[in-house]
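**Q** Provided herewith is a single structure, encoded as structure tokens, for subsequent inquiry.
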Amino acid sequence: MTLAFTICSINYLAQARTLGDSLRQTNPDWQYVIGLVDKLDQAHLPPELVPAYPMLEIDQIDIEDFAGMCERYDITELNTAVKPFYIDYFFKHYSDATEVIYFDPDIIVFQPLTRLKQHLSEYNLVVTPHICQPITDWLIPNELNHLNTGTYNLGFIGLQKSEESNRFVQWWKKRLVNECRIDLCNGLFVDQHWVNFAPIYYDKVWIEKHPGYNAAYWNLHERFFSEQAGVWKVNETADLQFFHYSGYGIHKPQEISKYQNRFTFAQRPDVVPLFELYRQRLFDNQNETYRNYPCFYIKPPKTLYYQSVRKALKSPIDRLISVLENR
């Protein structure tokens, strides 16, 4: 059995449902679980907002220092830091799962992932690089940005249940308890930089360069899309496996992603239908209602303020500026 999962808080359940719907359509024999970094008993969701997929709340997987992680991390960092803990839970408690695959919630799967299944029968891990071809301009994101955020995009990772992948997960867990911060000055961008070590430390790691995998704003310079007989193609030849809509917001439908300035929809009309599809599916899955639910684990503004001050004061220059400003 193949188990696929995502992680989100209640305000992102429209995305998680959209991902689940695409998996149910393309890979109906897979089990799909939503890892929920939130508390359902505090949200009181009406029946029509309860997804038709199992949800596993974060406080059910017994993370040893979860309270400390909540104190150290903002909600983005926390949602990312718990990823290997969920994988470890699935390894231990889903005995019939031979593969565990993580997808960020803002993904649509377009094809049966038979290639991925084949690689997970041969390899312990499957990861996707942000880019597979050089970038020749200095628009955002460029190669320097990718050096800052990590070689691989951890919006996706596939794992065969094996002793080697379990060793990787245990190592990754230890790193993310304290070091899953967005802190570029100290070489950290949530969980991603750590996985740069995976092909070095662990055996049989497949680096997937297929252009249909994890297509997103960061690799649009090397990937162009077309629909042929109802099948989405990449560069006219490869089937689009899954598209990652990172940074897209339905309230700014004119922007491909808030994290990039390389392309507009006018420059890339080939991707317009893909984004129109995603926008409609989010609306259909109650995005406008979910986004109004506050996350239980979001810190009060005062705590977030002091946390941001502590991060800023780590830099000697920032400390000096702070002293001068308060003289």
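**Q** Give me a count of the residues in the stretch 12-38 that are open to solvent by less than 60 Å² (accessible area, probe 1.4 Å) and either at pLDDT below 95 or aromatic (Phe, Trp, Tyr) (or both).
**A** Number satisfying all stated conditions: 2.
**Q** Which condition does residue 144 not pass, out of (1) open to solvent by 60 Å² or more (accessible area, probe 1.4 Å); (2) under 18 Å from the mean Cα position of the chain (by Cα); (3) more than 24 Å from residue 101 (Cβ to Cβ); (4) free of Cβ contacts under 8 Å to residues at least 24 places away in the same chain, if it passes all the others?
**A** Looking at each condition in turn, residue 144 falls short on (2).
**Q** Taking the stretch 40-54 as the search range and keeping residues that are more than 25 Å from the chain's Cα centre (by Cα) and not in a helix (DSSP H, G or I), which one is nearest to residue 283 (Cα to Cα)?
**A** 46
**Q** When you scan the stretch 113-146, how many residues do you find that are over 21 Å from residue 215 (Cβ atoms) and of a type in the set (A, V, I, L, M, F, W, C)?
**A** The number of residues fulfilling the criteria is 2.
**Q** Hey, among 204, 258, which residue is open to solvent by 70 Å² or more (accessible area, probe 1.4 Å), at pLDDT 95 or above and on the phi > 0 side of the Ramachandran plot?
**A** 204
Residues are listed down the side, and each one gets a yes or a no for (1) at pLDDT 95 or above; (2) within 17 Å of the chain's Cα centre (by Cα):
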| residue | (1), (2) |
| --- | --- |
| 156 | yes, yes |
| 162 | yes, no |
| 173 | yes, yes |
| 186 | no, no |
| 193 | yes, yes |
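**Q** Name every residue in the stretch 64-81 that is in a helix (DSSP H, G or I) and not charged (D, E, K, R), in order of residue number.
**A** Across the stretch 64-81, the qualifying residues are 66, 67, 68, 69, 70, 75, 76, 78, 79, 80, 81.
**Q** What single numbered condition from (1) in contact with a Ser or Thr (Cβ under 7 Å, 6 or more places away or on another chain); (2) within 26 Å of residue 16 (Cα to Cα); (3) of a type in the set (A, V, I, L, M, F, W, C) fails to hold for residue 126?
**A** So residue 126 meets the others, but not (1).
The values are calculated or read from the model by the stated rules, or taken from the named source; none is laboratory data. Computed from a predicted structure; not experimentally measured. No Cβ is skipped: glycine too gets one built from the backbone with ideal geometry, and neighbour counts run over all protein chains shown. The protein model used for the area step is the full one, side chains on, heavy atoms only, and it has no ligands, DNA or RNA in it. Shrake-Rupley method; radii C 1.70, N 1.55, O 1.52, S 1.80 Å.
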